[in-house]
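The structure appears right after this line, and notes come after that.
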Amino acid sequence: MSLKNLPNENNIYETERLIIQKISVDDKEFVFELYNRPKFIKYIGNRGVNNISDAENYIKNRFLPQFDRLGFGNYLVVAKDKGEKIGAVGIFEREGLDVADIGFSLLEEYEGKGYAFEAAQKVKSIGMDLFGLTKISAITSKDNFSSQNLIEKLGLSFKNYVTLPDDDEELMYYETE
């Protein structure tokens, strides 16, 4: 994964309605809230973020090292109109996948408004246009139809089923052409 162009040095990007910025330790309360929502746990999984301290450690140990190593990772999604944190979107190196994986999650009250697609489309562009990724993948559970639709809308196609290391759920695997 080579650097194609110099990325935005502040890791802050904008779309029409959103600010997309590198997640930081300052976002620990939001990460705790998001990662403990029932839909997050159902579709993405329990990440063991059981308190604010766990959220801070998760950011420090999982998100920030990937940014340091690759220049991209998990981004906070903020709605411009009210300045509210509404979700997260990112491109991740994931054990068991050969291609960087795009992932997204929003607080339920912001779903169905096109925010996830707007944010994911921007992050896909960041990965491919700024960081020179030639392919991006996505995984989702078989019953997460809204994610499947969003992934296909992003231009990824279903390829096969995969099971990640240390997991027993068979997931749908998508990839850019």
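The values are calculated or read from the model by the stated rules, or taken from the named source; none is laboratory data. What you see is a predicted model, and the numbers here were worked out from it, not measured in a lab. When we count neighbours, we look across all protein chains shown, and the Cβ atoms used for this are built from the backbone with ideal geometry, even at glycine. Ligands, DNA and RNA are excluded from the accessible area calculation, which covers all protein heavy atoms including side chains. Shrake-Rupley method; radii C 1.70, N 1.55, O 1.52, S 1.80 Å.
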Could you identify the single residue in 59, 41, 20, 91 that is among the β-branched types (Val, Ile, Thr), open to solvent by 10 Å² or more (accessible area, probe 1.4 Å) and within 15 Å of the chain's Cα centre (by Cα)?
41
Those residues of region 160-177 which are free of Cβ contacts under 8 Å to residues at least 24 places away in the same chain and either assigned to a strand (DSSP E or B) or in contact with a helix residue (DSSP H, G or I) (Cβ under 6 Å, 6 or more places away or on another chain) (or both) amount to 160, 161
Residue 48 vs (1) within 26 Å of residue 176 (Cβ to Cβ); (2) free of Cβ contacts under 8 Å to residues at least 24 places away in the same chain: all pass except (1)
State all residues of region 67-91 that are of a type in the set (A, V, I, L, M, F, W, C) and at pLDDT below 95; if no residue qualifies, say none.
67, 70, 72
Quick check on region 136-159: of everything there that is part of a strand (DSSP E or B) and open to solvent by less than 70 Å² (accessible area, probe 1.4 Å), which residue is farthest from residue 125 (Cα to Cα)?
140
List the number of the failed condition for residue 104; all other conditions in (1) without any contact (Cβ under 8 Å) to a residue 40 or more places away in the chain; (2) in contact with a Gly (Cβ under 8 Å, 6 or more places away or on another chain); (3) hydrophobic (A, V, I, L, M, F, W, C); (4) assigned to a strand (DSSP E or B) hold.
(1)
Identity of the residue in region 18-37, in a helix (DSSP H, G or I) and among the aliphatic types (A, V, I, L, M), that ends up farthest from residue 86 (Cα to Cα):
25
